[in-house]
Amino acid sequence: MTSKRQAHAVVEAVEKVAAAASNRANQNGLREARLSALVSVQDVEKRFDNGAEPGQTQTIPEDPFSSMAAEGEVVQPPFDMLTLAMLPEHSSELNQCVEAMEINIEGFGHRQKSRVDTSEMSEAPKALLNEVHKESVFLTNFFEYATEESFVYFRRKLRKDLETTGNAYYEVIRDAKGAIQSFKHIPSYQMRLTRIDAESTEVEQPVLELQDDGSIKVTKIKVWRRFRRYVQSRAIHRRNLSLVGSKKRWFKAFGDPRVLHNDLGKFQGTKGGPVAVPEKHHANEIVHLKLYCARSPYGLPRFAGNLLSIFGDRAAEEINYTTFRNNNIPSMVVLVSNGQLTEGSVQRIESFVESQIQGSDNYSKFLIIEGEGMIDEGEEAGQLKIEIKPLTADQHNDALFQNYSKNNQDKIRRSFRLPPIFVGRSDDYTRATAESSRRLADEQVFAPERDEFDQHMNRHIYPEMGVRFHKFRSNSPNTTDNGQLVKILAGAEKTGGMTPRIARFLLGDILSMDIQDDFPADFPVDVPFSLTMAEAVKNMAQASEPGQQVTAIKALVGEAVPEVSDPLLAHLLDISKALDKEWTESARLDTRQRPQGD
């Protein structure tokens, strides 16, 4: 048998094991069969072509990452990534928690917030306005097609990986000129990290610098950084879904200026590396997001300390399911005293139970049971007695381990610091408690995670793209109480602390809107609107009078009234004078006509 035929025979044997295991209820055999086949046919053929010395094993390694870890090429994660990725499928609480995190953190989209406030400039340069507008159009078009799916769904997939395995990866794809062109999500369970470089590499890192005139400039500073490589392994299946092997692909860290071979995993010009790497084999960059773990370069999920709760809740569900399916305690029992059932009666009962006691058309059917009495020598025959006793009172009428399961689910939810309403438990919630839970969760859990991703985009991605005039800002839900907000704004406006500029800023931030419309050229944006309104109507009311902010002209008796140029105001002033004069004359007449002594 040739080496290639031997290789194919090994792979076919593994496929048969995997096919047989797929028909079993226990999926552990299938998983072991798939792991044992994680090697490509080409690698097997190459191994046999090179020849194996007598006495050496010719088995296929179970996991390519295991062999790479044994050789020191990659670092093993603290937990099996595939097992962590499959946990939401086996838990009745974990999946809801993960979805609550991804929807409330990443599900509201994002907007571009301008760094330059042109309204503060009395005469903004036209060239600057054109650059700001041009950059805004570029970012809108870029994020529209930067990923295969929508950018919101792309972020949700990253968040799901991050909350499930503690790690998330996405590939940065550049065009021929070296500019960032698009992003590609990579499942976290397929990725492994190598050890960090022993020596630092000098790189030019782009940063955004604020200038004295308020403008933003992209400059490059030289820093020393130690990078690591990343490797992805994907299973290869045939058309019949049988596993053939796996394929590896190497990536370099984001910002690494060196050229890496994507198949060999070696840097160009290094010891053991290629002299020149063809353009088609240049490795792309990887961005690694993680939940920090002090003992590993990998991240750890938030529920790592509650793994036993997840497995315990699953075990309780399986016991309840098995109890329900197997009916451990029957619904009735046939008791026979002083005799025994005939063999025909026993068979008739078994046949009747198996074939007739189901459906809705068996209410008129009945069963005939025959028995034989027992006669002992020298004694009279005993009286045969057959009794059918129901056991429904002894059957389980509810699920087992309910308190245990509830405690485990609460532990899983608390590991994410989520209120119960976010996972569908809202039976005992009022509107006030629901609003308080939403605000608290957004302040303590969701908003910090959104800010963390925004910082990543603004510190690393945007400077690399040359974006100067805009910031990446994630949208957030409106969790403020509208009644309280109105009171706060009204109180601030009365005390002179609220201006139109501040009001527009607050409304844009609360409503997650970028309000682009500028104020009129002669509108005082930094003056409280009450003062602007009072000046517009020439207010002369006392400062302590309620509603003085919008009071029109009020002429007081005996006071000098300024001349007005508005015909409408002049007409209103004449009417006020006439009414005051009429009221004064009426008061004098009443005083004269009133009898003395009244």
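Compute the relative contact order of the stretch 175-227 as a whole-number percentage, counting only Cα pairs closer than 8 Å that sit 6 or more residues apart in sequence. Don't skip to the end; give the middle numbers.
Working: 50 pairs, mean separation 17.6, N = 53.
Dividing the mean separation by the residue count of the stretch 175-227 yields 33 percent.
In terms of distances greater than 20 angstrom between alpha carbons, the cross-link table entries LYS113/LYS217; LYS247/LYS271; LYS113/LYS252; LYS222/LYS266 yield LYS247/LYS271; LYS113/LYS252; LYS222/LYS266. Among 404-413, 152-161, sorting by the average number of other beta carbon atoms lying within 10 angstrom of each residue, highest first, gives 152-161, 404-413.
Rank by packing, highest mean first: peptides 164-176, 459-471, with packing defined as the count of other Cβ atoms within 10 Å averaged across residues. Mind showing how you got there, number by number?
Working: 164-176: 19.5, 459-471: 17.8.
Per-residue Cβ counts within 10 Å, averaged per peptide and sorted highest first, yield 164-176, 459-471.
Are there chymotrypsin sites (Phe, Trp or Tyr not before Pro) in the stretch 247-331 that DSSP marks as loop and that have at most 15 other Cβ atoms within 10 Å, and which are they? All intermediate terms of the calculation are to be shown ahead of the outcome.
On the way: sites: TRP250, PHE251, PHE254, PHE267, TYR292, TYR298, PHE303, PHE311, TYR321, PHE324; in loops: PHE254, TYR292, TYR298.
In loop regions of the stretch 247-331 (DSSP not H, G, I, E or B), the sparsely surrounded chymotrypsin sites (Phe, Trp or Tyr not before Pro) are TYR292.
No value in this document is a laboratory result; all are computed from the given coordinates. Fair warning: this is a prediction, and the values are worked out from it, not measured in the lab. Positions of Cβ are backbone-derived with ideal geometry, glycine not excepted, and every protein chain shown enters the neighbour counts.
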